Amino acid sequence: MPSDVVIDGARCLERIRRLYSIWRNTDGTDSSTNDNDALHSADAVVIIRGQKEDDFTYSKSAAMQTWLFGYEMHDVLVVFCQDSVIIFAGSKKINYLKQIESEHNNKENAPRNFNFITRKENDEKNFDEIIEQIKNSHQGKTLGVFSKDKMEGPFCEQWENCLNQHSFTTVDISSSIGYLLSVKDNEELGLIRKACEITGKLYSKHLKDQIINIVDSERKVKHSKLSEGLESALNDEKYVSSVDANYVEMCYPAIVQSGGNYNLKFSANVDKSPLHYGGSSIVCAFGIRYKSYCSNLVRTLLVNPSEDMKNTYNFLLECEEVILKELKDDVPLCDVYKIVREKIEKERPELANKMTNNLGTALGIEFRESTIAITSKCTARAKKGMTFQISIGFSSLDNPDGKDDQSKVYALFIGDTIVVNENEPCAILTSSKKDISHIAIILKDDGGQDDEVDETPAIQPRRAAVEKVRTDPSAPEESRQDNQKTLLRRLNERAEVRLTSQGDKVSSEKARKINNAYKSEGQLPQDPDIQDLKLYMDKRYETLILPINGTPTPFHISAIKNVSLAVEGEYIYLRINFFHPGGIGKQADTIDKENVYIKELTYRASNDKKDDVVPASNNLSHVHKLILEIQKKYKDQELERKQMEGVVKQDALSLNPSKVNPKLKDLYIRPSLANKKINGTLEAHTNGFRYTSVRGDKIDILYSNISHAFYQPCDNEMIILIHFHLKHAIVFGKRKQTDVQFYTEVGELTTDLGKHRNMHDKDDILAEQAERDLRNKLKGAFQSFIDKVVQQKNFPFEFEQPFRPLGFHGTPHRSMVLILPTTSCVVQLTEWPPFVVVLDEVELIHFERVHFQLKNFDMVFIMKDYTKKTQSIQAIPMGELDPIKNWLNSCDLCYTEGPQSLNWAKIMKTITDDLGGFFAQGGWTFLEADSEGEGGGGGGGGDEDSDAEEDDYDPDEEESEEQGSESEYSAEEEDDEFEEEDSNSEESENLGTDEESGKSWSELEEEARKADAEKLEYDSDNGGRNKKKSGGGGGGSSGGTLSKKRSPVTSKKRPAHSPPPTNGKKRRR
């Protein structure tokens, strides 16, 4: 035995009490099984362990020793008598076992004393003494033993010879002890969970990856080689870093089967046949034993599965779900088997004869307890706290699509380690995912190229595009356009069905809330100023009382738009403007137009002071001050209320008291909790995360509220981060947040360029090496945290990682950043604020300012919810257009393009106002028409708009305009020319362009640069922006400006093909 062995005396004594309670029939569990009859009939219980075996075998004696003492001991005899426990062993073992006696007390069901006997050279006298004590226990005739255990070695032989000299009757108590050991306490469950965690890591990160690499590289590797490699991986700290590797071992040799030769039993031998992956199944089964407690995992990988194989596999998953649902406390195991069998016979009768006969057994210190099995004949009842290895499979299945004889037959086999609950389905302890998207290996053959393995076909289009979009620029433009036309047609059909079925919900706008001043007349204040028909501000109810035709009339502060106070001579004027339907702005548009409204009221009061009487103007000044004060307070309250819109109260975080929760330390949070950066710790609990800062701030994020989780490593970045995009906003820092990020910095964010640096400087080399080591350390810590979190039962999603090969530069907010696609989103997480667009929420993507003369373009995301504001990425380099199109096309996302920038606020409002009319006119096809014709405008794609754009620039008109605008500065022109051009100049003045007639070329160039800078910050909600006119763009030319009725969708920028402004030099005909 190891020198550091410590036996938990209290735990051992408690388990001895449990044994005695069943033996004495005082636990009340007899109704659950009849196997306890053998134990009840025994007068004494004998547990003996002989010498150490060469090969490991499971035995009840070893299991009982581990359960009681925590260790297996050889050459030890333990006898449980009526009132005492006899332990016969060597002197060293006795010294360890005497720790039990120190915890001994006289509680109920506990033996009265412990008799420790030390072995000597001659054990016969001691054996005789033990037998005498056995004869005094109850009737002293029947011994409870484990008849199937082999007793080897001189110690066991001597004991057996001594027993043969007496007429004892023996009964096998294996089933009774097996039932006792099958119900686990919290400590045992913790050890099984750790064993399951190691099992899941070995499968997901070693065996599964090995098989996929073999399939990908088309290598020939034997099944036995994979099995041996899995056992050798137990010495790798990557898989057993959180536990003591000395206590980790295999439950049985790992099983890997393929190529039509399947044996769905855990006693199956591993053959030396090579792994077959020609369209068949690969069955993997193994279990890890940690501190003598077992776990088990069974998975089947499908290579290029047919639809029939997928359907059968999904049906197998449904059968396992039935087992998990029906296996509850006090349910007979045979009933669970019958329910599953009936489901198969009813839904897929052809599979009934191919199902495994055993659906699982109890699991613990022994890998399987054969007397507690989910079979048709087992009447034992499940109990809360029992752990099972459940496994179900179908063998000898036909695959007509198989390419060779080995792939014509396949098998499906899945299994997990579970724990039984009381009134709810079983909890799965092996968290490795097994749905079809995680076990199907899809081989693709693109024109003779090497096969590519896609482990997750459910998200194959977007993830597969990562490797192909950049490397395969030869995608035919025609096929891409045909695919986009098909996608656009389907988009219109689905959008019309989706939106028109919602009725007026899409187009309905929330009316502005006008609060009632008073609910009843009794609330009206009784103030002398009101009686004297003066203006009065009621602070309590935020109401202004105005005298109108001799009647005090209340107006709530929300009805007042603005107030102004003016002094004119001897009088002061107070002007009050109200919100009304005829006003300008969104607030006026949302008011109910059925009522009668007051637009404005003006009150006048004298400023004269007579006979020491307070002037009447003081009332107006005082009320004006109060209105501004109350209005500011009300606006702040409204702003705070709007901030809280969309915030849903979260459920309480269920804290896990375990000290081994996944945890990351020294993380900063964005948005920040204070003006300066504060670090803290992120910890994963039962149903969510908790971030605790060093100053005590706590922020909870529930798993159920996380829409998407991202992990961005520090490759080519100065920070490493975990980002959560939430379904519902949470509040911290007095603001609602839908994006929360936890990060830590790697290296220096700023570098002193003035510092002299030498490439051979030892300090710089050491600093670079330290930074590389820090990056690797941080990546390992973050990846370990994510792996532990994903393996938790209640974590419903995976962390997405950005694909750098698909990245492109753009400006989503203020600065140029790298935009990175992920599996389901387009994100920018490095700079704050972040940019996150969920592709499943996107209706279509439109490219603006696509023109051969421009160096960049804009990308607009139109959401499926038309009431949401469009998202845009501006100033994307034109060289990124084709790769982005290829990526979107591979993801089956519809896109359009056009040369104009569109006012999306007006477009979306027009669409939501009349959805039926929008789709009747072709829906989003107006953008397709815009992309087909370079001169096409942004609205409707009609000829009228196209003509209007063409009229923006006519060379003849431009030349005439230049002559007209420049002639007033020339003294050499003829009189008739001067008069004509002077009239043109007057017309230009009427249109407001006289300011630009004298500007130099450099001034106009600077003005154009500023206009381009303003366009980047253009906000579509602000409506159209008046642009300065340059050159002949003012409309005051000799040719005039063609006035046409334009589409509601108009351009807000100078057309890409319009000429630059001219300088002041005169051009002659």
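The values are calculated or read from the model by the stated rules, or taken from the named source; none is laboratory data. These numbers were taken from a predicted model, which means no experiment stands behind them. Every residue, glycine among them, receives a Cβ derived from its backbone with ideal geometry; neighbour counts consider all protein chains shown. With ligands, DNA and RNA removed, areas are computed over all heavy atoms of the protein, side chains included. Shrake-Rupley method; radii C 1.70, N 1.55, O 1.52, S 1.80 Å.
What is the dipole size for segment 330-401, taken about its Cα centre, with +1 at each Lys and Arg Cβ and -1 at each Asp and Glu Cβ, in debye to the nearest 20?
That gives a dipole near 320 debye.
In Å², and per residue, what accessible area does segment 9-182 have when probed at 1.4 Å with the other protein chains present?
Accessible area per residue: 47 Å².
Just to verify a number: FRET efficiency for Tyr573 and Arg735, C-beta to C-beta distance, R0 = 25 Å, to 0.05?
E between Tyr573 and Arg735, to the nearest 0.05, is 0.05.
In nanometres, what is the gap between the two model label sites at Asn136 and Lys625, each 7 Å from Cα along Cα-to-Cβ?
Each label point lies 7 Å from its Cα, and together they span 10.4 nm.
Going toward the positive end of the dipole of segment 9-182, with +1 on Lys and Arg Cβ and -1 on Asp and Glu Cβ, which of Ile86, Leu13, Phe155 do you reach last?
Leu13
What is the pair-distance distribution P(r) of segment 9-182, computed from all Cα-Cα distances in 5 Å bins starting at 0, with each bin given as a whole percent?
That works out to 1, 8, 18, 22, 23, 17, 8, 2, 0, 0, in percent per bin.
Amide H to amide H under 5 Å from Asp8: which residues, 5+ apart in sequence or cross-chain, H placed 1.01 Å off N in plane?
none
My understanding is that a pair violates if its Cα-Cα distance is over 25 Å; which of Lys310/Lys433; Lys148/Lys265; Lys238/Lys665; Lys52/Lys120; Lys238/Lys698 do that in this structure?
The answer is Lys238/Lys698.
How much accessible area does Val145 have with a 1.4 Å probe, in Å² rounded to the nearest 10?
The value for Val145 is about 40 Å².
Could you compute how much accessible surface Asp715 exposes when probed at 1.4 Å, giving the result in Å² to the nearest 10?
70 Å²
Give, in nm to one decimal, the length gained when the segment between Ile678 and Lys642 is fully stretched (0.36 nm per residue of separation minus the Cα-Cα distance).
10.2 nm
On a C-alpha basis, how far is the centre of segment 845-873 from the centre of segment 154-224 in Å? Whole number, if you could?
60 Å
With N denoting the number of residues in segment 602-733, provide Rg(C-alpha) divided by 2.2 N^0.38 Å, to two decimal places.
Here the answer is 1.85, to two decimals.
Taking 7 Å along the Cα-to-C-beta vector as the label spot, tell me the Asp271-Lys120 distance in nanometres, rounded to one decimal.
Using points 7 Å along Cα→Cβ, the separation is 6.1 nm.
Would you check the accessible area of His728, probe 1.4 Å, heavy atoms only, in square angstrom rounded to 10?
Answer for His728: close to 80 Å² accessible.
Please give the charge dipole size of segment 114-207, origin at the Cα centre, charges +1 on K and R Cβ atoms and -1 on D and E Cβ atoms. Round to the nearest 20 debye.
Using only the charged Cβ atoms, the result is roughly 560 debye.
Quick one: with all protein chains in place, what share of the accessible area of segment 186-441 is carbon or sulfur, to the nearest percent (1.4 Å probe)?
Result for segment 186-441: 43 percent of the exposed heavy-atom area is carbon or sulfur.
Provide the gained length on full extension for the span Asn516 to Lys633, in nm with one decimal, where the gain is 0.36 nm per separating residue minus the Cα-Cα distance.
40.4 nm
Go through Leu351, Asn246, Leu317 and say which Cα lies farthest out towards the positive end of the charge dipole of segment 186-441; charges sit on Cβ, +1 for Lys and Arg, -1 for Asp and Glu.
Asn246
Any idea how far apart Ala10 and Glu318 come out in nm if each label point goes 7 Å out from Cα toward Cβ?
5.1 nm
If you place +1 on the Cβ of every Lys and Arg, -1 on the Cβ of every Asp and Glu, and leave all else neutral, what size is the dipole of segment 65-178 about its Cα centre, to the nearest 20 Debye?
That gives a dipole near 220 debye.
Please find the FRET efficiency linking Asn186 to Lys310, where r is the Cβ-Cβ separation and R0 is fixed at 35 Å, and quote it to the nearest 0.05.
0.30
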